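J.: Got a structure here, written out as C-alpha cells. Questions coming.
Taken together, the values in this text are just the output of simple stated rules run on the coordinates, not laboratory data. Since we're looking at a predicted model, the values are computed, not measured. Positions of Cβ are generated from backbone atoms using ideal geometry, with glycine treated the same way; all protein chains shown enter the neighbour counts.
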Amino acid sequence: MSFEIWMTFGLAAALILIVPGPTVVLVISQASNYGRISVVPLVTGVLCGDFVAMTLSLMGLGALMSTSAELFLTFKWLAAIYLIYLGIKQLKTTQNKSLASETVKNRSAFKLFRSSFVVTALNPKGIAFFVVFFPHFIDPTKPVLIQLIILGSTFLILALVNISIYAIFAGRLSERVRQSNVRKWFNRASGSTLIGAGIFTAGMQR
C-alpha cells in the first residue's frame, strides 16, 4: 500500500467520522449527563463496537446484510429500539431531581460502555460501510491481510480521536451546568435527541 493511498483513506475516513450519527448522538447525550467520568467507558465502548462491526463485515456479514432484507431489518430495529429505550430512560430521570442525582452517582462504567458498544456494533449502516469502503483502498496484487490491518488500525485511531473530542467537550459542558433547572432541560434535550436518533435509525434503508 502506497503512502498516497493510505493518506487518501485517512482523509476520507476522517470526513466520514466527523459527520454525527447515532453513535455520536449517544455519546454526547451520555457524556453531557454523567460528566467527564463517562468519557473513558463511552469511548472504549465505541472502539470495541467499531472493531466488532469491522470484523463482522470482513467476515462476510456486511455483504450478507446488503442482500438480506430480514437481517438488515433485525440489526436496524435492535439499534433503534435500544436508542429509544435509552432516550425514554433519560427523560424519566428529569422528573425527579433526587432520582437524577442518584442516577449520576450510581451509573456504572460498564453500563456506559455497554450503551455505546451496543449502538455502535448494531448499527447496520456501520457494518455495511466497511464492506463498501475498504475495498476501494485494497491493492489485490499485495498481501490483503496486512492492508486490512493497516486500514483497520487507521480507522480505529481516527475514530478514537473523533469520539474523544465529542465526549470530552460534552462532559466538560455538563460539569459547567450546575443549575438544576438548566440541567433538567439539558437532560430533556439529551433524551429527546436519543429518541430522535432511534427514529432516524428505524427509518434507515438498505
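J.: If I stretch the segment between Leu15 and His136 completely, what's the gain in nm (0.36 nm per residue apart, minus their alpha carbon distance), one decimal? Intermediate values should be presented prior to the final figure.
T.: Details: separation 121, 0.36 × 121 = 43.56 nm, distance 1.60 nm.
Here the answer is 42.0 nm.
J.: Moving to a separate point now. Sorting Leu158, Leu173 on the 10 Å Cβ count, fewest up front, what's the list? Kindly include the intermediate steps, with their values, before the conclusion.
T.: On the way: Leu158 19, Leu173 14.
Ascending number of Cβ neighbours within 10 Å: Leu173, Leu158.
J.: Moving to a separate point now. Would you mind ranking Thr23, Thr74 by Cβ crowding within 10 Å, fewest neighbours first? Walk me through the numbers before you get to the answer.
T.: On the way: Thr23 28, Thr74 14.
Least crowded to most crowded, the residues run Thr74, Thr23.
J.: Arrange Phe110, Phe75 by Cβ neighbour counts within 10 Å, fewest through most, would you?
T.: Details: Phe110 11, Phe75 23.
Ascending number of Cβ neighbours within 10 Å: Phe110, Phe75.
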